[in-house]
Amino acid sequence: MKNQPIVESDRIESLDVLRGFSLLGILLMNIIGFGFVAAAYTVPGLMIQDGADLFAWGIIELVAEGSMRGLFSVLFGAGVILFLGNKREGRGWLHVKRTTWLLFFGLFNGYVLLWTGDILVTYALAGFLLYFFRNFEGRTLLRLAIGLTVLITLYNAGSHFGLKHLRANAETAVALQSVDQPVPEEVAALAQQWEGFKNEYTPTNTMMDQELSARAGSYESAFMWTAHHNTVILMSSLWSFLLPDALVMMILGMALYKLGVLQGQCAREVYAKMAVAGFAIGFAINGFEVWFAVQSQFDLIDAFLKLAPTYHLGRMAVTLGWIGLLLWFIKGGWHSLRLAAVGRMALTNYLMQSLLCMLVFTGAGLGWVGQLQLWQVYGIVFPIWLLQLWLSPWWLKRYYYGPIEWLWRALTYGAFPTLRRSNAPNRAQ
């Protein structure tokens, strides 16, 4: 059975519930990438018009930004252990095939479904690397995750203060030029680097108008703009931010799975302490970052929270808080068949979110990109949640897998697994 998919009876409820919860939560951030100019995701001042927008942004930054993606990454890491571990040896080639097809799903999501923030390509690349950590002990993986978190935290701190150093040199250059003084070559070079960063993350009104026009005009114009944008991401921030961001949390997920945390094998009190400590630390850090950004009047550097020195500490703490809270509920007897169903169809639901948002926001459909305020776009999130919470259990009553999960398994194993349940209601019913 080592070269067969995991059967339904072997599924772990807690993993499915956590995955479903994180999948729905991810849309809270992804909707920003669809609904606004691309730069708004890292420059919140571009999408905050009034107090309602500020409130919506602050709440999402506090409870979901980074942590929902982090939780999804934790579960991906656990999934790799599930696929490769538990004495299921000889599955290395299957892992390569499975991960390669995930890469293609990600490229499809980014280029065909016009999603500028696809995470599947990142997950696939990280998945190839995770193979080499599969046999590490849980505590070793935990220490590795902590060590890598320290490294990317130091990287963020260096980037944050390095940008401030570049800006200070740019201001010095301007001051010297204003009094007809020569600008030292080193100062000029640093000032030029600052201008490059500023131009990338603070697009002019003309640039934003051109982007919105292209993305809302037609599928063809949106495709051309998005293809260029996604290619730039694949050649730049994928390697400097997205891959390290995902890999750290995936290794943490591998550790938590091997230690039995994600399966609910700890005492309920342990999960209560995890929730309290995680939320207390995470909300304090995230709250400070939000306050600092607002106090700076959304300064380009101080409001660029993904480069804040404390960003990874805050998101990891809140991620652990959500794990603790949900497992505390599950250990108390709570069951959510709907969330579990969403989690079992996570890939289908993720691509469905992209498809629906493409039809709402791009020229392939209504072309609403740039037309709504931040608080208004969340009026689109909730109907999508309701649809997926209804559709997922409805589908799984009739079929063993979500449609994309079924296709993924077929491509991985080279055979079509049974899809329709023998006791499924027929169409006449």
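The values are calculated or read from the model by the stated rules, or taken from the named source; none is laboratory data. Note that this is a predicted model, so its numbers are computed, not measured. Note: ideal-geometry Cβ built from the backbone for every residue, glycine included; neighbour counts use all protein chains shown. Each accessible area value is taken on the protein alone, full model and side chains, heavy atoms only, with ligands, DNA and RNA left out. Shrake-Rupley method; radii C 1.70, N 1.55, O 1.52, S 1.80 Å.
List of remarks:
- Complete set of residues in segment 287-305 that are free of Cβ contacts under 8 Å to residues at least 24 places away in the same chain and outside any loop (DSSP other than H, G, I, E, B): Phe288, Trp291, Phe292, Gln295
- Total residues in segment 162-212, condition closer than 21 Å to Ala39 by Cβ and open to solvent by less than 80 Å² (accessible area, probe 1.4 Å): 18
- Within segment 350-370, the set of residues being open to solvent by 60 Å² or more (accessible area, probe 1.4 Å) and without any contact (Cβ under 8 Å) to a residue 40 or more places away in the chain comprises Leu359, Leu366.
- Single condition Trp334 does not satisfy, out of (1) in a helix (DSSP H, G or I); (2) more than 30 Å from Ala157 (Cβ to Cβ): (1)
- Residues (in a helix (DSSP H, G or I), open to solvent by 80 Å² or more (accessible area, probe 1.4 Å) and over 16 Å from Phe76 (Cα atoms)) located in segment 131-148: Arg139, Arg143, Ile146
- Among the residues examined, Gly138 does not qualify as over 23 Å from Tyr311 (Cα atoms) and under 16 Å from the mean Cα position of the chain (by Cα).
- Screening segment 26-122 for helices (runs of 4 or more DSSP H) wholly inside it with 1 or more residues that are more than 30 Å from Glu137 (Cβ to Cβ) and either β-branched (Val, Ile, Thr) or open to solvent by less than 20 Å² (accessible area, probe 1.4 Å) (or both) returns the ranges 51-63, 92-107.
- Candidates Leu389, Leu374, Leu407, filtered to the one that is at pLDDT 95 or above, open to solvent by 40 Å² or more (accessible area, probe 1.4 Å), touching a helix residue (DSSP H, G or I) at 6+ places or on another chain (Cβ under 9 Å) and under 19 Å from Leu28 (Cα atoms): Leu389
- Being touching a Lys or Arg at 6+ places or on another chain (Cβ under 7 Å) and free of Cβ contacts under 8 Å to residues at least 60 places away in the same chain is a property that Leu103 lacks.
- Here the condition is being surrounded by fewer than 21 Cβ atoms within 10 Å (Cβ to Cβ) and at pLDDT 95 or above; of Met224, Met249, Met235, it holds for Met224 alone.
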